[in-house]
Amino acid sequence: MLNKVKLYLKGASKLYNKEIITSGDYAKEYDKVASTYNLWLAEMGKFTDKIIKPEYYNEEKRLKILDFACGTGYITKKLLEKEIDCEITAVDISAKMLEQFKEVVGSEVRIINQDGMKFLENTEEKFDLVFCGWALPYFNQKELIKQFKRVLYKKGLACVIVNSQGTLQGIEEIFLKVMEKNQQEVNKFMDIRFHLPKGTEGLEKWFKNQNFATVKISEEENNFAFDTPEELFEWLTKTGAIAGTAQIFQDFEKVKDDIIAEIKKKKYENGKYVINHKFASGIFQRS
Ligand SMILES: C[S@@+](CC[C@H](N)C(=O)[O-])C[C@H]1O[C@@H](n2cnc3c(N)ncnc32)[C@H](O)[C@@H]1O
């Protein structure tokens, strides 16, 4: 009990002093994930496809598209496959994610290695479409959607897929338990949970507040089951599903076994170690 109180006091002080995971930390984490991120795409890419819907695009002009926090370029590649007449700008903070991207596209895509928010704040360009796949919680959602509105042409579309509240059930508790046990290792806190929408209702509200109209919206959940806690841990770390969490600790290697032990205790269901991914997606029009 005393340990828990100590951790919460430490957490409150770190949050107050803004000793939290930063965009630079996410860049480092995604640099590490870059070579295995395809594991995520192989299972979850099909859900991203639901925000790539040419039937909603204006076919009368060459479209200017922003692939925001583009990672290894899944969305851009899908758009190119569909042979849409367009010019794409793709921005991401992780140089290593972009290296994977550059290997498969040519000069038709302008790739920019920069903090996404800095790019948005400084650009005078306008776009017909902005895509944001699995990255919205790394930003202050209000500021981000305000910037999407600023850079979109009138009637332009913001196409988003994002983890929602209730995703990775139990993982936050597991990390808190490990942090409580290894307080001397705790470096920073993470505030990502405050940036997850409350399902479709929450996502729609965020966009509606910035005068976007909803074109299409949905919510889904996908479960993955593994034979061992180590395999579940690998899925979480190699896909980027818990990107950023390693930076909570001074030395992640030191707490790895404790995390796996907690997964073993808390994530066992019907003979398997199970994890859920809950997410919302939507297409919103700037009115
Ligand atoms: C889960 S990946 C999604 C990649 C891609 N959009 C997709 O759908 O596959 C999240 C991406 O957000 C990027 N990211 C995180 N914080 C960022 C920031 N501040 N600016 C730009 N990109 C950022 C990461 O580097 C990573 O490539």
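The values are calculated or read from the model by the stated rules, or taken from the named source; none is laboratory data. Everything numeric in this text was worked out from a predicted model, so none of it was measured. Heads up, the Cβs are rebuilt from the backbone with ideal geometry, glycines too, and the neighbour counts pull from every protein chain shown. Surface areas here come from the heavy atoms of the whole protein model, side chains and all, with no ligands, DNA or RNA. Shrake-Rupley method; radii C 1.70, N 1.55, O 1.52, S 1.80 Å.
Considering every residue within segment 248-257, establish whether at least one is within 30 Å of K155 (Cβ to Cβ) and of a type outside the set (A, V, I, L, M, F, W, C). Please lay out each step first, then the result.
At the first step, the residues of segment 248-257 found to be within 30 Å of K155 (Cβ to Cβ) are none.
The answer is no, given that none of the residues of segment 248-257 is within 30 Å of K155 (Cβ to Cβ) and of a type outside the set (A, V, I, L, M, F, W, C).
For the list (1) buried (at least 16 other Cβ atoms within 10 Å of the Cβ); (2) modelled with pLDDT of 95 or more; (3) touching a Lys or Arg at 6+ places or on another chain (Cβ under 8 Å), I need the number of the one condition that I21 fails.
Exception for I21: condition (2).
Somewhere in segment 177-185, is a residue open to solvent by less than 70 Å² (accessible area, probe 1.4 Å) and within 21 Å of E269 (Cβ to Cβ)?
Yes: segment 177-185 contains one or more residues that are open to solvent by less than 70 Å² (accessible area, probe 1.4 Å) and within 21 Å of E269 (Cβ to Cβ).
Considering only residues that are among the aliphatic types (A, V, I, L, M), assigned to a strand (DSSP E or B) and open to solvent by less than 20 Å² (accessible area, probe 1.4 Å), which ones fall in segment 244-287?
If the condition is that a residue be among the aliphatic types (A, V, I, L, M), assigned to a strand (DSSP E or B) and open to solvent by less than 20 Å² (accessible area, probe 1.4 Å), then I275, A280, I283 are the ones that fit.
Could you look through segment 213-248, keep only residues that are more than 14 Å from the ligand (Cβ to nearest atom) and of a type in the set (S, T, Y), and pick out the one that is nearest to A280 (Cα to Cα)?
S218
Within segment 214-261, track down each residue that is over 23 Å from K278 (Cα atoms) and over 20 Å from the mean Cα position of the chain (by Cα).
Matches in segment 214-261: F249, Q250, D251, F252, E253, K254, V255, K256, D257, D258, A261.
Looking at Y153 and the list (1) closer than 30 Å to K4 by Cβ; (2) touching a residue at least 24 places away in the same chain (Cβ under 8 Å); (3) surrounded by fewer than 19 Cβ atoms within 10 Å (Cβ to Cβ); (4) in contact with a Lys or Arg (Cβ under 7 Å, 6 or more places away or on another chain), which single condition is not satisfied?
The failed condition is (1).
Among the residues of segment 184-241, which ones are at pLDDT below 95 and not acidic (D, E)?
Q184, V186, N187, K188, F189, M190, I192, R193, F194, H195
Can you spot a residue in segment 149-157 that is under 22 Å from F47 (Cα atoms) and among the aromatic types (F, W, Y)?
Scanning segment 149-157, I find no residue that is under 22 Å from F47 (Cα atoms) and among the aromatic types (F, W, Y), so the answer is no.
Looking for something surrounded by fewer than 17 Cβ atoms within 10 Å (Cβ to Cβ) and among the hydroxyl-bearing types (S, T, Y) - is there at least one such residue anywhere in segment 87-102?
Within segment 87-102, not a single residue is surrounded by fewer than 17 Cβ atoms within 10 Å (Cβ to Cβ) and among the hydroxyl-bearing types (S, T, Y).
Just checking, does segment 206-222 include any residue being free of Cβ contacts under 8 Å to residues at least 24 places away in the same chain and touching a Phe, Trp or Tyr at 6+ places or on another chain (Cβ under 9 Å)?
Yes, because at least one residue in segment 206-222 is free of Cβ contacts under 8 Å to residues at least 24 places away in the same chain and touching a Phe, Trp or Tyr at 6+ places or on another chain (Cβ under 9 Å).
Going through segment 37-69 one residue at a time, which ones are without any contact (Cβ under 8 Å) to a residue 60 or more places away in the chain and hydrophobic (A, V, I, L, M, F, W, C)?
L41, A42
Filter segment 93-110 for residues that are under 19 Å from the mean Cα position of the chain (by Cα) and over 16 Å from Y74 (Cβ atoms) and give the result. I'd like the intermediate steps shown before the answer.
Restricting attention to segment 93-110, the residues satisfying the condition of being under 19 Å from the mean Cα position of the chain (by Cα) are 93-101.
Within segment 93-110, I93, A95 qualify.
If you take the residues of segment 129-148 that are over 17 Å from the mean Cα position of the chain (by Cα) and more than 13 Å from the ligand (Cβ to nearest atom), which of them is least open to solvent (accessible area, probe 1.4 Å)? Spell out the reasoning first.
Initial filter on segment 129-148 (over 17 Å from the mean Cα position of the chain (by Cα)): 129, 146-147.
Keeping just the survivors that are more than 13 Å from the ligand (Cβ to nearest atom) gives 129, 146.
Details: L129: 4, K146: 96 Å².
Only one residue tops the list, namely L129.
Under 6 Å by Cβ, and 6 or more places apart or on different chains, what pairs join a residue from segment 271-287 that is within 13 Å of V160 (Cα to Cα) with one that is among the aromatic types (F, W, Y) and in a strand (DSSP E or B)?
F284/F212
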